[in-house]
Structure formats: C-alpha cells, structure tokens
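In what follows, a structure is listed as structure tokens, so that the remarks can point back to it.
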Amino acid sequence: MQTTNRLITCITSNETLNVMHELESKGVFTSNTTVNRGTSSSEKDDVAIRVLTLVVSQEQSSEIFEFLYNKLNMSEPHNGIIYQQKLLNMTEYKLPNEKELKFYKK
C-alpha cells in the first residue's frame, strides 16, 4: 500500500523504552527498540547503542521528531543521531478484534 507516512529512526545511548511509553500518549503505537553493541571514534570501549524506530503520519512527523530530539537530548555532543524518511510502501498490521477472536476460538 502506498503511504505518506514517515519512518523516524533514533540511534542513541540513551534509554528508549520509557520514551516508547510516552509516545503512546501522543497516539504512536507502532514503535520498536533494540539494544546493540557499538562504538565511535570518541569511545574507547564498546557501548550499548539503542535504536528506536517508529512509523508516524506525515501530519505527526514534525511534532514527534521534535519531541524525540528534545527527550533524547540530541543537541548534546555524542548523544546519537535522529532522522526521518518517507515510506514508499507499508503493510498495515492489525490484530483481530474481539468478535473475530471469538470466531477463531470455535
């Protein structure tokens, strides 16, 4: 399905799980976070790097981008990067509603 939605990606060493919960209050329920190992030219040892990805509507994209930029302190040196891009296509994933669940349980 063609879409005008945006994919926002944050790569940071800051905690992202609590940010995901805050995003729910803003109507964002499609987010994912992973913890990875990484390093940079300013780090001597490997560090935990968190990658937060989420899909938002074009209308929400600026507000959510600004929220994440501020919440994750992206203006501070070495706190990571954040970017957004257009999604050309996406597949909508929906869980069955309660009526459909009853049908499948029979």
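Derivation of every value follows stated rules applied to the coordinates shown; laboratory data play no part. Values in this document were obtained by computation on a predicted structure and should not be read as measured data. Using ideal geometry, Cβ is built from the backbone for each residue, glycine included, and neighbour counts are taken over all protein chains shown.
I want to confirm something. Restricting to segment 3-50 and keeping residues that are touching a His at 6+ places or on another chain (Cβ under 9 Å) and among the small types (G, A, S), which single residue is farthest from Q85 (Cα to Cα)? Taking the candidates together, the pick is S42. Residues that are surrounded by 13 or more Cβ atoms within 10 Å (Cβ to Cβ) and not basic (K, R) within segment 64-80 comprise I64, F65, F67, L68, Y69, L72, M74, N79, G80, listed in sequence order. Residues in segment 19-40 that are over 12 Å from the mean Cα position of the chain (by Cα) and of a type outside the set (K, R): S25, G27, V35, N36, G38, T39, S40.
From the list E98, E43, E63, E59, the one residue that fits, being more than 13 Å from the chain's Cα centre (by Cα), of a type in the set (D, E, K, R) and within 18 Å of T9 (Cβ to Cβ), is E63. All but one of (1) surrounded by fewer than 10 Cβ atoms within 10 Å (Cβ to Cβ); (2) touching a residue at least 60 places away in the same chain (Cβ under 8 Å) hold for Q84; which doesn't? The one condition Q84 does not meet is (1). Restricting attention to segment 55-99, the residues that are under 18 Å from T16 (Cβ atoms) and among the aliphatic types (A, V, I, L, M) total 8.
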